[in-house]
Amino acid sequence: MDRECKATLSSFLSVEPCVNVRRSVPLSTLTSIGIGGNAACVLMPRDGGCMIRLLDRLVRGNAPFRVIGNGTNLVAPDAGYDGILVQTAGIDRISVSGNVLIAGAGAPLGRVIRRAMESGLSGLEELYGIPGTVGGALYMNAGAYGKSVSDRLRYATVYCPGSGEVTVRTPASLSFGYRTGAIMKDGLIVLSAAFTLTPAEPSRIAEKMGAILDQRKATQPLTLPSAGSVFRRPSPDRPVGKLIADAGCSGLTEGGAAVSDLHAGFIVNTGGASEADVRRLIERVKEKVSDAFGVELVPEIEFLSELGAYGA
Ligand SMILES: Cc1cc2nc3c(=O)[nH]c(=O)nc-3n(C[C@H](O)[C@H](O)[C@H](O)COP(=O)(O)OP(=O)(O)OC[C@H]3O[C@@H](n4cnc5c(N)ncnc54)[C@H](O)[C@@H]3O)c2cc1C
């Protein structure tokens, strides 16, 4: 962060007490895989209105920043992050009206789905157990067990850093695809999202959520830190974990990073893993899968150091 940017930020923060400011925050505490040096500055707006004012100020002040949710698809740099991170945890309101559920960008998916169940609304259960936020999920169109978060999306309210406009976007206008969409490609920032759900008996919904969670527990290494499945599925009929296991990668290690024995699509932090360990392991897995099957794997997880900052 340069001096001008720091000054802009300080002047804003002095008049906006609704932003919680944290400095020198270990990135290992902001990401599920538990890796990384310190983030210079983490800003946590306490509600949606404050988030918009903060984004406006950062954009107008040309301050480079990146929005993060629960950090469950991110690997952070060992050397730390010198830019500004805007963390959405405070934008977590959930409301229900009829069969429409509206959630703030920072609401964790698990809480959204439990609230839907309590309201007798079905349609998101397959996503139960994905540890991200609504914003992070829409960014990459997260999905599981044949369903994606965009399937039940009614609209998303987004902030466009280029124009400073807040708009309400339909799913059709957001061009969602397999783990992609306009939010990712156009650098939009999700503020909130509305989902159209289907009335159902809460006990039946809870049963389905329980079954999904049991399946995850049986097939995924949930007791060790990870960023979920590391690679994108190469094609709809090729589960990536099996491909990696069949290439002989289960149990491979680099420093503290290891390919999970339970689900070879996951790289787990067995203790003290670094970003460099994860990168080396990814390269080894890619090479082995390419040699064995001629398939070029593409990472699904993101490296914070490679993500563009919105104000840059
Ligand atoms: C144990 C485990 C299991 C998982 N299982 C699945 C699974 O079944 N399916 C699946 O798809 N994923 C899965 N994941 C990966 C991850 O949970 C999802 O990708 C999730 O959507 C990431 O959300 P997040 O809030 O953690 O985003 P983060 O990791 O914080 O950020 C990821 C990206 O989203 C962007 N972003 C975050 N918030 C916003 C916002 N408000 N507006 C715009 N961009 C934003 C960030 O800038 C970054 O580029 C799993 C991860 C773990 C650790």
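Is it the case that Glu118 is of a type in the set (D, E, K, R) and surrounded by 20 or more Cβ atoms within 10 Å (Cβ to Cβ)?
no
Give Ser229, Ser290 a once-over and let me know the one that is more than 22 Å from Gly71 (Cβ to Cβ) and small (Gly, Ala, Ser).
Result: Ser290 is the single residue among Ser229, Ser290 that is more than 22 Å from Gly71 (Cβ to Cβ) and small (Gly, Ala, Ser).
When only residues in segment 128-156 that are polar (S, T, N, Q) and either out of contact with any Lys or Arg (no Cβ under 7 Å at 6 or more places or on another chain) or under 16 Å from Ile205 (Cβ atoms) (or both) count, which is farthest from the ligand (Cβ to nearest atom)?
Filtering segment 128-156 for residues that are polar (S, T, N, Q) and either out of contact with any Lys or Arg (no Cβ under 7 Å at 6 or more places or on another chain) or under 16 Å from Ile205 (Cβ atoms) (or both), the one farthest from the ligand (Cβ to nearest atom) comes out as Ser150.
Kindly provide the set of residues from segment 101-127 that are part of a strand (DSSP E or B), away from the ligand (no atom under 12 Å from the Cβ) and not aliphatic (A, V, I, L, M), ordered by number.
Scanning segment 101-127 gives a single hit, Ser122.
So, in segment 282-312, how many residues would count as being in a helix (DSSP H, G or I) and either closer than 16 Å to Leu74 by Cβ or within 15 Å of the ligand (Cβ to nearest atom) (or both)?
4
Of the conditions (1) over 15 Å from Ala194 (Cα atoms); (2) out of contact with any strand residue (DSSP E or B) (no Cβ under 8 Å at 6 or more places or on another chain); (3) away from the ligand (no atom under 15 Å from the Cβ), Gly98 fails just one. Which one is it?
(1)
Taking the conditions exactly as written (in a strand (DSSP E or B) and either over 19 Å from Pro108 (Cα atoms) or within 14 Å of the ligand (Cβ to nearest atom) (or both)), does Arg57 satisfy them or not?
Taking the combined requirement at face value, the residue does not satisfy it.
Counting just the residues of segment 194-211 that are of a type in the set (A, V, I, L, M), touching a Gly at 6+ places or on another chain (Cβ under 8 Å) and crowded, with 20+ Cβ neighbours inside 10 Å, which one comes out farthest from Tyr145 (Cα to Cα)?
Filtering segment 194-211 for residues that are of a type in the set (A, V, I, L, M), touching a Gly at 6+ places or on another chain (Cβ under 8 Å) and crowded, with 20+ Cβ neighbours inside 10 Å, the one farthest from Tyr145 (Cα to Cα) comes out as Leu197.
Looking only at segment 184-191, decide whether some residue is surrounded by 17 or more Cβ atoms within 10 Å (Cβ to Cβ) and more than 11 Å from the ligand (Cβ to nearest atom).
No: zero hits.
Of the residues Pro64, Pro108, Pro45, only one is of a type outside the set (Ser, Thr, Tyr) and surrounded by fewer than 19 Cβ atoms within 10 Å (Cβ to Cβ); which?
Just one listed residue meets the conditions, Pro64.
Residue check, Val268 against (1) more than 23 Å from Pro234 (Cα to Cα); (2) within 16 Å of the ligand (Cβ to nearest atom), all met but one. Which one?
Unmet condition: (1).
Could you tell me whether Gly177 is touching a Pro at 6+ places or on another chain (Cβ under 7 Å) and surrounded by fewer than 21 Cβ atoms within 10 Å (Cβ to Cβ)?
no
Computed from the coordinates by the stated procedures, all read-outs in this text should not be read as laboratory data. The model shown is predicted, which means the values in this text are computed figures rather than measured ones. We place every Cβ from the backbone using ideal geometry, glycine too, and count neighbours over all the protein chains shown.
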